[in-house]
Amino acid sequence: MQPYLQRLTVVFLLTLVIFTTVPSIDLWVTGLFYNSETGVFPTAQSPFALGVRSVMMNAMLLFPVVALIFLLLNLWKRNLFGVTPLMWGKILALFLLGPGLLVNGILKSYWGRARPAYVTEFGGDATFTPPFQITDQCAQNCSFVSGEASGAVAVAVGIFVLTSASSNPVAARNLRRFAIFFAIVGSGMRVAMGRHFLSDTIFAVLLVLLISYGLDALIARRKQLILAK
């Protein structure tokens, strides 16, 4: 197991222990963005925030499409713009396995955790449950984990992968800063809008990163096998 994958696994387990032991962290953080007098999450009604979310959503949907297009183009002309087919393949696989299969296909569909705006603490009628407790408080498109947070992190990872082929270190560094900003805003906005708990976004980030490093381990293993022949 690669060192980064080992460290991230430890972080995941520690985070799991924290939110399992003190699940009220989720309620406290969400409460910071909830107006108890009006019974709404102000950020969810902000035209600016909704506009930013729309732009980011479009970027999350477009990125894997671009990865697929350039992966196919690489069949015609390899290493187009200095980016190898393996890089495009990793980005596409990350979106398919992370935001696609694990997050939206499995967790959000079957875990049953109610979104913050629907629990009794914030004016709803559902029961708050800890992040890793399977429940029946939501029928579909549920809170655990955040689909948009997973998509935002997948975009950020994609940018890191692409900039690794850049010959301009200054541009690469700035793009990576933007990638981190994109992931933080994309994840944090969902909490501020009352659509996801803090743990929903954190575990979405960690799961996508685990998949990313897992793909890196598979790629490294494949290269070792090729060299060994």
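Averaged over its residues, region 50-153 has an accessible area of 50 Å² per residue, based on protein heavy atoms and a 1.4 Å probe. Taking a ≥ b ≥ c as the square roots of the Cα gyration tensor eigenvalues, region 143-229 comes out oblate, since a/c reaches at least 1.5 and a/b does not exceed b/c. Here the extension length gained between Leu61 and Thr120 equals 18.0 nm, from 0.36 nm per residue of separation less the Cα-Cα distance.
How far is helix 85-95 tilted, in degrees, relative to the longest principal axis of the Cα atoms in the chain, given as a value from 0 to 90 rounded to the nearest 10? For 85-95 against the chain, the angle is about 10 degrees. Computed packing ranks the peptides 213-220, 60-67, 185-192 as 185-192, 60-67, 213-220, most packed first, by mean other Cβ atoms within 10 Å. Summarising the label geometry, the points placed 7 Å from Cα in the beta-carbon direction at Val170 and Trp76 lie 3.4 nm from one another.
The stretch between Ala217 and Thr21, if pulled fully straight at 0.36 nm per residue, gains 67.4 nm over its current Cα-Cα span. Shown for the chain: the carbon plus sulfur share of the solvent-accessible area, taken with all protein chains present and a 1.4 angstrom probe, equals 68%.
Relative to the longest principal axis of the Cα atoms of the chain, the long axis of helix 47-76 lies at roughly 30 degrees. Note on the chain: percent of Cα-Cα distances in each 10 Å bin, starting at 0 and stopping at the bin with the largest distance, equals 8, 29, 34, 19, 8, 2, 0.
Taking a Cβ cut-off of under 14 Å around Arg190, the surrounding Lys, Arg, Asp and Glu residues balance to a net charge of +2, with basic ones at +1 and acidic ones at -1. Helix 198-228 versus the longest principal axis of the chain: what angle, 0 to 90°, nearest 10, using Cα atoms? The angle comes out near 20 degrees. Each Lys or Arg adds one and each Asp or Glu subtracts one; over the other residues with Cβ under 15 Å from the Cβ of Ser166, this totals +3.
The values are calculated or read from the model by the stated rules, or taken from the named source; none is laboratory data. Every value quoted in this text rests on a predicted model; they were computed, and no experiment measured them. Note that each Cβ is placed from the backbone with ideal geometry, even for glycine, and that neighbours are counted across all protein chains shown. Ligands, DNA and RNA are excluded from the accessible area calculation, which covers all protein heavy atoms including side chains. Shrake-Rupley method; radii C 1.70, N 1.55, O 1.52, S 1.80 Å.
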